[in-house]
Amino acid sequence: KYAFLCPPSKEAFLDAAKGEGECAQLVGFAAKQIGEARAALVAPPKSAEGNAIPLESLKLSPMGYVLTRENVHSYRADYYGYWPDPILEYLDTPIPVERNTYQAWWLDVNVPVNQEPGLYRGQVKVTWDNGGETTLPYTVRVRDFALEEGVPYFSPVAFTALGNYPADAAGRKEYWRDIARLLIKHRLQPDYLYAGPDRAGIVEDARFFIENGSKHFNIGYINTEVDDALAATIKKAYDEVKAAGLLEYAYFYCYDENPAELFEMISRSLRRVREIAPEVPIYTTMYDSTFGQASNTIGFVDGWIPLTKVYGDNQKGIEEARARGEKIGWYVCCTPLAPYANFLLEMPSTANRLLMGFMNKKFKTDFFLYYNATVWRIYEKNQTGSYVIVGVPDPISGAPLIGGDWYGESFQDFAGDGRLTYPAMDGPIPTQRIKMIRDGIEDWMYLDMLEKAVDNSSDMSAEWHSTAIKEMAVEDELVTSLIEWTIDPALVKDKKARIADLLEEYYKTK
């Protein structure tokens, strides 16, 4: 069975502010075996006024599909088989499509921040075997306001390059930078979350992140007792960052998911970190749902990062921590599973988008953390039943059904977990999930912009003001609770469009 939650239309409509990314899918059905199918942009989309969105601001790429396997899953999924995930930007050749299957192409536009507002109309040309051909229209509505460029929020995401690929050190460094640029392009903060303060190149990497649009970097991961030797290492890294004039962007990430039996050591150690670097914020995902009471770390932690489920179950502790001036974010990894929103392959796309956007606003989180975007590894169970890493797959290639060692399972047996990108030979490529994450962050930006507009709306009409106040709230039909949220993308898009109407009207008066 194939289901479309939004009824397909013959024309794609993309609605975006200046400086925003927006996407749509072109979906074709093969009534017979297709040997070669191609979809291509015909020309830059143009407005009635003669303006054009540069063709380099648009990309149309085939979707790739990875296989999930029931026999390796430790949790139940409704479907095992091929799932759409990698967006195959490396392909500029036709692809085969099996009989009685759908094939999608991903249309993505990144509207230049100086683009003239208006309706821009373009065409996609689809060709297939033996002269088959059709042309499909699409429209990009560019709104008359702009989103800020780069990474808007504290949203650290760890990443690494692929094993020893490319073969030379210079190539690996540039590949690493390409991954960072891809994350920043999708509004996420690339970072070394798990590298210690003794690593080389802290200042160089920090400058690269900041110059490319990020606003934060981790001086170093701390996960052991801060003895005299480690204290000296932390002090050296801190002094280098301070001398470079980068302290305002710096933080420490400490004690990832550490349990209660380590609290005494953690409290003692964080006191030393605070003494060494008093102005550098400290963030942690240690398992203290009292946010400092149980671990005796009040005054030593600036940002707590619980799992989304823990966040939802501990509102009293969160309120107390915020009253002390601390910030509270959240994270997901392999858990929590459905019905909580997550980034697993089996989740509806609205899970990715709502978690990063309207859920963030409804539940008043301050930031988001994700442990990895590049889990490019092969896992197997050993004789004791534990998962071990047994290799690194070759870069992804081919289309549309991705083979080799590229299964849907990424971290251990969790499908898509920690894998928001894939490595191709010529550079990293995005997933459809990272596109939804980007769209969710931009929903978050829309609501923040609306809140600021309301705070400065004395010259707006009473009707505008009352409508804006209403739209600042996230309706229950979108998000009722952390385990009750819509799978209907039309509701999400309609909400964003209503906010865009209000922002457009507001900025016309400025």
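Any chance the stretch 89-101 includes a residue that's among the hydrophobic types (A, V, I, L, M, F, W, C), within 28 Å of Leu337 (Cα to Cα), assigned to a loop (DSSP other than H, G, I, E, B) and out of contact with any Leu (no Cβ under 6 Å at 6 or more places or on another chain)?
Going residue by residue through the stretch 89-101, those that are among the hydrophobic types (A, V, I, L, M, F, W, C) are 91, 95, 97.
Next cut, within 28 Å of Leu337 (Cα to Cα) only: none.
No, the stretch 89-101 has no match at all.
Those residues that are more than 22 Å from Pro430 (Cβ to Cβ) and at pLDDT below 95, I need them from the stretch 100-128; list them, please.
Asn100, Thr101
Quick one: would you say Asp198 is open to solvent by 10 Å² or more (accessible area, probe 1.4 Å) and under 29 Å from Trp304 (Cβ atoms)?
Details: open to solvent by 10 Å² or more (accessible area, probe 1.4 Å): yes; under 29 Å from Trp304 (Cβ atoms): yes.
Against the criterion (open to solvent by 10 Å² or more (accessible area, probe 1.4 Å) and under 29 Å from Trp304 (Cβ atoms)), Asp198 qualifies.
Mind checking which residues of the stretch 37-69 are open to solvent by 30 Å² or more (accessible area, probe 1.4 Å) and not in a strand (DSSP E or B)?
If the condition is that a residue be open to solvent by 30 Å² or more (accessible area, probe 1.4 Å) and not in a strand (DSSP E or B), then Val42, Ala43, Pro44, Ala48, Glu49, Gly50, Asn51, Pro54, Leu55, Glu56, Arg69 are the ones that fit.
What number goes with the only condition from (1) acidic (Asp, Glu); (2) in a loop (DSSP other than H, G, I, E, B); (3) over 18 Å from the mean Cα position of the chain (by Cα); (4) within 30 Å of Arg76 (Cβ to Cβ) that Glu380 does not pass?
Of the numbered conditions (1) acidic (Asp, Glu); (2) in a loop (DSSP other than H, G, I, E, B); (3) over 18 Å from the mean Cα position of the chain (by Cα); (4) within 30 Å of Arg76 (Cβ to Cβ), the odd one out for Glu380 is (2).
Output the residues belonging to the stretch 450-466 that are open to solvent by less than 30 Å² (accessible area, probe 1.4 Å) and of a type in the set (A, V, I, L, M, F, W, C). Explain how you work it out, then say what you get.
Step one: of the stretch 450-466, the residues open to solvent by less than 30 Å² (accessible area, probe 1.4 Å) are 450, 453-454, 457, 460, 464.
Scanning the stretch 450-466 gives Leu450, Ala453, Val454, Met460, Trp464.
Just name the residue that is farthest from Arg268 (Cα to Cα) out of those in the stretch 217-244 that are part of a loop (DSSP other than H, G, I, E, B) and open to solvent by 50 Å² or more (accessible area, probe 1.4 Å). Even if it seems obvious, please write down each step before you answer.
Filtering the stretch 217-244 for residues part of a loop (DSSP other than H, G, I, E, B) gives 223-227, 244.
If we keep only those that are open to solvent by 50 Å² or more (accessible area, probe 1.4 Å) too, we end up with 223-225, 227.
Working: Asn223: 12, Thr224: 11, Glu225: 8, Asp227: 10 Å.
Within the stretch 217-244, the match that is farthest from Arg268 (Cα to Cα) is Asn223.
Take Asp178 and decide whether it is open to solvent by 10 Å² or more (accessible area, probe 1.4 Å), assigned to a loop (DSSP other than H, G, I, E, B) and touching a residue at least 24 places away in the same chain (Cβ under 8 Å). Even if it seems obvious, please write down each step before you answer.
Working: open to solvent by 10 Å² or more (accessible area, probe 1.4 Å): yes; assigned to a loop (DSSP other than H, G, I, E, B): no; touching a residue at least 24 places away in the same chain (Cβ under 8 Å): yes.
So Asp178 fails the test.
Which members of the stretch 275-290 meet the condition of being open to solvent by 40 Å² or more (accessible area, probe 1.4 Å) and among the charged types (D, E, K, R)?
Of everything in the stretch 275-290, those that are open to solvent by 40 Å² or more (accessible area, probe 1.4 Å) and among the charged types (D, E, K, R) turn out to be Glu275, Glu279.
Could you look through the stretch 74-132, keep only residues that are in contact (Cβ under 8 Å) with a residue 40 or more places away in the chain, of a type in the set (D, E, K, R) and open to solvent by 70 Å² or more (accessible area, probe 1.4 Å), and pick out the one that is farthest from Pro44 (Cα to Cα)?
Ranking the candidates gives Asp78 first.
The values are calculated or read from the model by the stated rules, or taken from the named source; none is laboratory data. What you are looking at is a predicted structure, and each value in this text was computed from that prediction instead of being measured. A quick note on method: Cβ atoms are made from the backbone with ideal geometry, for glycine too, and the neighbour counts reach across all protein chains shown. For accessibility, only protein heavy atoms count, side chains too; no ligands or nucleic acids. Shrake-Rupley method; radii C 1.70, N 1.55, O 1.52, S 1.80 Å.
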